[in-house]
Structure formats: structure tokens, C-alpha cells
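The values are calculated or read from the model by the stated rules, or taken from the named source; none is laboratory data. All of these numbers come straight from a predicted model, not from anything done at the bench. Every residue, glycine among them, receives a Cβ derived from its backbone with ideal geometry; neighbour counts consider all protein chains shown.
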Amino acid sequence: MASKVKNQQRAAFKRYKADVENEGKPFFPHAVFHDTVMSLVVVAVIIGLACVWKFTADGVDPGTLGPLYTAPADPGTTNFVPRPDWFFYFLFYLLRIFKWPETVVLGTVGIPTILLVLLIGLPFYDRAPERRPLRRPVAMVSLILVILSMGVLTWKGATAKETLGSETVALVPKWAEEQGFAGNKVAEEGAALFAESGCLNCHVYLGAGGQNLGAPELTAEGAKNRGVKWQVEHLKCPSCVTPGSPMPSFVGLGDENLTKIATFLEASKGPKGK
């Protein structure tokens, strides 16, 4: 079987050499000229699109390809939902299938790496000399499966709907009830801001969140009686109030929002009855 494949490969190589001698064209200048022309076409298209964008839009009218500029980014926003570029939507949706932290490594490293290795190895395990697609079942099945899976995942990722912090914001009424600040509007709004601002990425509160970089649990933060002013100053510059703290500054949220979060933290004295 191996000798038959080798003979087929030798015959295919001879046919290729004969075709080059009879009908082939030299790499220089023929192929170089084609590559140069296509490169110029690509650059011309990019320049053309840039000109269309520049001259058909202004600060109000988005024109054909979008506005020249939009409103400045708001560093204090708590409702922005970050999304990747469209060519990462397939990976973005994989992260919705494989949940943190148990199986997220499969979606981020495992599956993409396995597929990439299989794709790189395709020329080594499918070595048939046949060039017609219908007679190369392994290559064609691999191609179809990759296109279908990436297409479906990209579409699902593009149409996925989500709200930042929706899972943790839903816990706010429970927090208010257990901590005893239900009815305190400022504390409840601060709890929602706390959930939306990513604080639970490093802190634990009533069993929710994850403890990273040595961040303390905040369930009974208010029992320390540090005061709203201390909490606000700490949120503005953690390393200034607590030297060596790796916590980032949240000054961009603004004094009003920081005061709400501080009020929530001071109202968090541990579950009632404990």
C-alpha cells in the first residue's frame, strides 16, 4: 500500500514538472507582477473606503461608512457591555457555553488548540495525491465541519443578548434583605453599582464573587465602622489609603456613585441574626 502511494506521488510530481515545462510561466516577472497588481488594488480599495468615510460623514451625519467621531468615552459608565471584534465572536460564544471556572479552559485553550493542531496536521495525515475535492473526503469533511462550526458560533455570538452584571444585580434584593438595608434607596443603588462595576471579580459578598489577589470578603465590611468618607477615599485611591493595595481606582465613577457604593458597604454589617 505504501509503495503504491509513493508511486502515485512520483507520477503526480512528473506530471507537475511536465506541465511547468509545457505551460508554466516563470516566477519573475509573471508571478511578481500579479502580486504587485493585487497589492496595489488592495491599497487602492482601502484608500477609497477611507475617502468615502471622510467625505460623506461629519460629526452629526454618519454618512455611508459611519461617523467621523462619537461621544467621548465615559469612564464612569456602569452599563457598557464589552464585546469583541466580529472575528472573535465564535470564541466569545464558546465562553458562554463553557462556564467559569470549571470548564472555561476548554473553550479558551482546549478546543481552539485541538482544532488548530488538526488543521496544521492535515497535509501530513491526508497525503493522497488526488487534487479533486470530491476525492479527498478527509480534507473536505474537515473543511465543512470547520466552516459550519465557526459560522454557527459566530452567528450565535453576534446575536447573543446580555446585560452587564445581570446575574449579580439580581442578587441585590436578597443582599438587602439579609443585610437589613432593604428600603434604604442609596444603599440598594450602591449595591447595584457594586455588582455592575466588577467588584465581585476580586471580592466575595454573601457567597457571590471570587477572592483574587488577596482581596478581603466584604460581607461584613460595615461592621468595621470605617465610615462613608473613608470608603469613598479608599475607592478613589486604594493604594493611598491602604499602602501596597493592588486594587484599581474607581474615581471615574464619580463622587455620587462612589458615595452610594460606600453607603452600601457601610450598611453591610453581616447577615441579620449572625
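If you scan the range 7-61, which residues turn out to be among the β-branched types (V, I, T) and modelled with pLDDT under 85? Listed by number, the residues that qualify are V20, T56, V60. Being surrounded by fewer than 20 Cβ atoms within 10 Å (Cβ to Cβ), hydroxyl-bearing (S, T, Y) and not assigned by TED's automatic domain parsing to the domain that holds I97 is a condition met by at least one residue of the range 216-239. Of all the residues in the range 232-274, those that are in contact with an Asp or Glu (Cβ under 9 Å, 6 or more places away or on another chain) and acidic (D, E) number 1. Meeting the requirement of 2 or more residues that are at pLDDT 90 or above, the helices (runs of 4 or more DSSP H) wholly within the range 120-239 are 137-159, 172-179, 185-196, 228-236.
Exactly one residue out of L193, L206, L258, L218 is among the hydrophobic types (A, V, I, L, M, F, W, C), at positive phi and in contact (Cβ under 8 Å) with a residue 12 or more places away in the chain, and it is L206. As a summary of the residue check, Y125 satisfies the conditions (1) within 22 Å of K4 (Cβ to Cβ); (2) surrounded by 11 or more Cβ atoms within 10 Å (Cβ to Cβ); (3) hydroxyl-bearing (S, T, Y) except for the one numbered (2).
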